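Presented below is the structure to which this report refers.
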Amino acid sequence: MRFDAQNLPQLWVYLSGSPLTALFMTLLAYQLAVWLYQRSGNHPMVNPVLVSVLALVATLKLTGLSYAQYFEGAQFVHFLLGTATVALAVPIYQGLAALKGQVGKVVLALTVVLIVGGTVSIAVAVGVASVLGVPDEVLLSLWPKSVTTPIAMGISERLGAIPTLTAVFAILTGIVGAAVGTLIFNRMGLTRWWVRGFAMGISAHGVGTARAFAVHPEAGRFASLGMGLHGVLGAVLIPWVYAWLG
């Protein structure tokens, strides 16, 4: 069959019915986003997750492909979230290994930061949303937004919230944290990489951790530790605290 400009709509209708099309779109968008990120000199505002999400949203709008159709093909990526959750054991182990030889005060400081940082992230998000009169389901979806996305979706389901909405909040949190975190740390005059990394891992989870590795290896290791421990602690404590407050 000969294809020209007039045949393109029919060609797209055919391709959109294939599950592999959505998967190909997802992988292509991310690879292009990574290329742009590298070309920009790893600029935080050209975050690969942000760029790929915007590219996919624009593609769906332009083509008229519904989210349900897209997800049917891209659900394999969603399936990998479970694997990513289990794989958090690796960064936790590597992060704990980085603490060998550290004095007790450092471990105590990290523990306090982990608890306080997690509490503040929930209190600020939920508090501001409550003042603005956000619906209860959306409010619940904000509780685990600073925990890494795979665990956050599981927590959201346990709370009776909307896991998909929680995933959106979690990803946005990571993107914003990765974009402005380095700037904030520089403005504050923070020069210790382990401090910067651990704070980034707690506040911006996976996306922030990737940014921390791009800045400095030590920051990346401690960001991994913060992300992993925050995820484990959040999975245990957030449902319990919510039930206790309720």
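The values are calculated or read from the model by the stated rules, or taken from the named source; none is laboratory data. No experiment lies behind these values; they were computed from the predicted model shown. All Cβ positions, glycine included, derive from the backbone under ideal geometry; neighbour counts span all protein chains shown.
Determine which member of the set A55, A84 is assigned to a helix (DSSP H, G or I), surrounded by 13 or more Cβ atoms within 10 Å (Cβ to Cβ), modelled with pLDDT under 75 and among the small types (G, A, S).
A84 is the lone residue from the list that is assigned to a helix (DSSP H, G or I), surrounded by 13 or more Cβ atoms within 10 Å (Cβ to Cβ), modelled with pLDDT under 75 and among the small types (G, A, S).
Is it the case that G127 is surrounded by fewer than 16 Cβ atoms within 10 Å (Cβ to Cβ), part of a helix (DSSP H, G or I) and of a type in the set (G, A, S)?
On the way: surrounded by fewer than 16 Cβ atoms within 10 Å (Cβ to Cβ): yes; part of a helix (DSSP H, G or I): yes; of a type in the set (G, A, S): yes.
Here the answer is yes, as G127 does meet what is asked.
Kindly provide the set of residues from segment 199-246 that are among the aromatic types (F, W, Y) and over 28 Å from E157 (Cβ atoms), ordered by number.
F213, F222
How about segment 52-74: which of its residues are under 20 Å from T148 (Cβ atoms) and free of Cβ contacts under 8 Å to residues at least 40 places away in the same chain?
S52
Residues of segment 159-208 being crowded, with 17+ Cβ neighbours inside 10 Å and part of a loop (DSSP other than H, G, I, E, B), which ones?
Scanning segment 159-208 gives A161, I162.
So which residues in segment 228-245 are modelled with pLDDT under 90 and in contact with a Phe, Trp or Tyr (Cβ under 7 Å, 6 or more places away or on another chain), if there are any at all?
Y242
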